[in-house]
1. Which whole-Hz ³J(HN,Hα) couplings does segment 196-201 yield from phi under the Karplus relation 6.51 cos²θ - 1.76 cosθ + 1.60, θ = phi - 60°, glycine and proline marked x?
2. Given springs between every Cα pair under 10 Å in a Gaussian network model of the chain, which of 208, 160, 299 has the largest fluctuation?
3. Most exposed first by the Cβ proxy, i.e. fewest other Cβ within 10 Å, how do 191, 155 rank?
4. Could you pull out which residues in segment 149-163 have an amide N less than 14 Å from a spot 7 Å beyond the Cα of residue 92, following the Cα-Cβ vector?
5. In debye, nearest 20, what is the charge dipole magnitude of the chain about its Cα centre with +1 on Lys and Arg Cβ and -1 on Asp and Glu Cβ, if you could check?
6. Would you count, across the chain, every pair of lysines whose alpha carbons are under 26 angstrom apart, provided the pair is eight or more residues apart or spans two chains?
7. Can you tell me which of 268, 251, 27 moves the most in a GNM of the chain? Springs connect C-alpha atoms under 10 Å apart.
8. Which of 197, 283, 42 moves the most in a Gaussian network model of the chain with Cα springs under 10 Å?
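All of the numbers you see were taken from the coordinates with simple rules; none came from a lab. Keep in mind it's a predicted model, so treat the numbers as computed, not measured. Methodologically, a virtual Cβ is constructed for each residue, glycine included, from the backbone with ideal geometry; neighbour enumeration extends over all protein chains shown.
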Amino acid sequence: MEKRDFKSKAKDFIFSNGILFAIILLIIITGIIEPSFFAWSNLLNVLRQISVNGIVACGMTVCIMSGCYDLSVGSIVSMTGVFTIISLNAGTPDIVCILIGLGIGLAAGIVNGTLIASINGRSGEAFIITYGMQVVLGAIALFPSKGLFISGDVHEGLFKTMGDGNMPIYIFLAVAIILQLVISKTQYGRHLCYIGNNMDAAKMSGLKVKPNRISYYAISGFLAGLGGVVLCSRVTSSNPTAGLGYEMNAIAAVVVGGNSASGGSGSIIRTVIGAVVIGIMSNALNILGISTNYQLTVKGFLIVLAVALDIISKKRKS
């Protein structure tokens, strides 16, 4: 009996973390082939590069834990970047520019959540609505910039500090720590898991499901807005398509880290691990000379495989 239990637990562990270990193996092989891969300067550079995706992925984790996805985050990153840089170039104070970017992200998230909650939408409806918002917000980002790159008149101050040196890493870690504490230590986090696991049962138990669901998308939109502000601060410019693909990268970070793709449970710590491992994997593939097109194929395959393993794992447990 004990042997059988051990084998069952071992199989569940492999299904939950198999992809993670496969990527770590790739990273180790790359380090053996190219020893400079593990140089501290290279690892620090990778952390800076994944910081924006990590911030966005933290918000995506909340949505996925609630049983839905938010496909609009990439367009929110683009739109907040464009309007933040335009405001900065107009001579608006740094703090106001930052608040404009965060406010746009928050407003977009609230609209998403309100639309989905008002129709009692499940994962399918949430997918369609946030995809529609992705298109709309992406188009809005194109209007003021006319589809062109906008250089920012960035001076010394709070805005520039957000993208300087290791500050993006610190912002990412601060967001992750705060959100992990909220999810694991508060009633709000317990309600999130309850709603994601069984929304109908949550309603019958008296939970205010609609306001909670709106708040999940508000968090996702706000963090996507923060990611957009940090990104344009780092590169001191904006691009109306800068956030293209961020939704896929965020989802990949969540599911590759070992979080359930169908909601009801999750951990920001796992998302952080997923974001870091995927960032290092992308760096490893660059060092090995793998083209960007193949890297996108690998990421897409990892998401599909992670979802498939999650479904198998849940069926085994049930």
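1. Using θ = phi - 60°, the values come out as x, 7, 7, 5, 5, 5 Hz.
2. 208
3. 155, 191
4. Only 153, 159 fall inside the zone, counting backbone N under 14 Å.
5. Using only the charged Cβ atoms, the result is roughly 1160 debye.
6. Lysine pair count for the chain: 25.
7. 27
8. 42
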